[in-house]
Amino acid sequence: METMNAEIFTLTYGSMVRQLLVDTEDVEEVNKQLDKMGYNIGVRLIDEFLAKSKINKCVDFRDSAEKLAKVGFKMFLNTTASVTSWNAEGTECSLILEDNPMTDFVELPEGCSRKLRYCNLLCGVIRGALRMVNLNVSCNFVQDVLWDDPVSELRLKLISTGAENYPFKDDD
Amino acid sequence: MTITCAAVVGRANNPLYLEACKPASDEEVLKYHYVVHCALDTVEEKVALRTQPGEIADSYLGMLYPTEDHKVYGYVSNTSIKFIFVVEEPAPKDEDMRALFKRFHAAFIDVVSNPFYEIGQPITSTSFDASVRTIVTTV
């Protein structure tokens, strides 16, 4: 696996968020843009993830969430998340991130705390990646260290599972 | 050795940060501003003196000047950011001051790495305040 300097990644992401904020001046718009960007990254990243990690097919959503938290985060952010707070049907869970390299040194300006979802790109990535394996999920931050919470918590909800459609028919 | 005041001054000699380390009245804070301002002249002198060919520039400037109840120490980074400590008796050792300035510089680097901090603006970060407090009290 190739690695890169975490600081250059942190600083690049930081300057991107800052520029978005300066250009649009609307915090909700910035959140939306970050989510869109993340989605585009996610639909491409999933192939690399599946190729490099060589994991087997996941049995159910629980398995997918575990693999995402342990293997996915480790591979791309060099940090692991823990999966907790499953709901009764097993369709919703929380990913707890204790340290996140994207938020090193960052302090949100006045008026943005609780409104700016700084790591919204991550939500988009997860949504895009899982969409490509036929899992429609919604993902958003409920706690964030930049909002002075103790940890960052991502709430992952499974909305639907797309049917496994193959591009060719069986009887050809 | 107690540090009474820590200050960071920018490239254009604009104050970026000044913190009095024990609770001080407004008058005393003004006095510290004045002391740091006077120290800047000495900083410029020292910086001008040391740019001789063949000499490696040292960031640590040593004692800038003594007054009746305290001494002023300076350190300048390669980007012309000046760090000043106002220290009470007894006089600290050189190595101690160098170590302190290194930590001060490191805390400043963390602030600058924040994408939302505008270079040249006064520092309002609470985590920088906390780091400086730790540096100054664990002397």
Measuring from centroid to centroid over Cα atoms, what is the spacing of the stretch B:65-139 and the stretch A:78-149 in Å? 35 Å
Rounded, prolate or oblate (a/c below 1.5 giving rounded, otherwise prolate when a/b exceeds b/c) for the stretch B:2-137 by Cα gyration tensor: rounded
Report Rg (one decimal) and Dmax (nearest whole number) for chain A, counting Cα atoms only, units Å. 16.8, 63
Computed over chain A: relative contact order in percent, which uses C-alpha pairs under 8 Å that are six or more apart: 26 percent
Ranked by GNM mean-square fluctuation in chain A (Cα springs under 10 Å), the top entry among A:A51, A:A65, A:A129 is A:A51
Probe 1.4 Å, protein heavy atoms only - accessible area per residue of the protein assembly as shown in square angstrom: 57 Å²
Which longest run of chain B has no exposed loop site in it, a site being trypsin sites (Lys or Arg not before Pro) in a DSSP loop with at most 16 other beta carbons within 10 Å, and the site itself not part of the run? B:12-92
Net charge contributed by nearby residues that have their C-beta within less than 15 Å of A:S15 (K/R +1, D/E -1): -4
Selected from B:D94, B:D26, B:D41 as most flexible by GNM, with chain B as the system and alpha-carbon contacts under 10 Å: B:D26
Radius 14 Å from Cβ of B:N78, net charge of other residues (Lys, Arg +1; Asp, Glu -1): +3
Top mean-square fluctuation among B:V36, B:V112, B:V76, Gaussian network model of chain B, C-alpha springs under 10 Å? B:V112
What trypsin sites (Lys or Arg not before Pro) in the stretch A:13-101 are in a loop by DSSP, with at most 12 other Cβ atoms within 10 Å of the Cβ? A:K54, A:K57
Only sites in a loop by DSSP and with at most 16 other Cβ atoms within 10 Å count here; which GluC sites (Glu not before Pro) in the stretch B:70-139 make the cut? B:E118
Cα-Cα separations in the protein assembly as shown greater than 38 Å, expressed as whole percent: 35 percent
Would you mind calculating the relative contact order of the stretch B:2-137 from Cα pairs under 8 angstrom and at least 6 residues apart, reporting the percent as a whole number? 27 percent
Count neighbours as other Cβ atoms within 10 Å of each site's Cβ, and list the GluC sites (Glu not before Pro) in the stretch A:64-96 that are DSSP loop with at most 16 such neighbours. A:E89
Under a Cβ-Cβ cut-off of 11 Å, what is the net charge of the residues other than A:T91 that fall near it, where Lys and Arg count +1 and Asp and Glu count -1? -1
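The values are calculated or read from the model by the stated rules, or taken from the named source; none is laboratory data. The structure presented is a predicted model; accordingly, all values stated were derived computationally and were not measured. FYI the Cβ positions are ideal-geometry reconstructions off the backbone, even for glycines, and counts take in every protein chain you see. The protein model used for the area step is the full one, side chains on, heavy atoms only, and it has no ligands, DNA or RNA in it. Shrake-Rupley method; radii C 1.70, N 1.55, O 1.52, S 1.80 Å.
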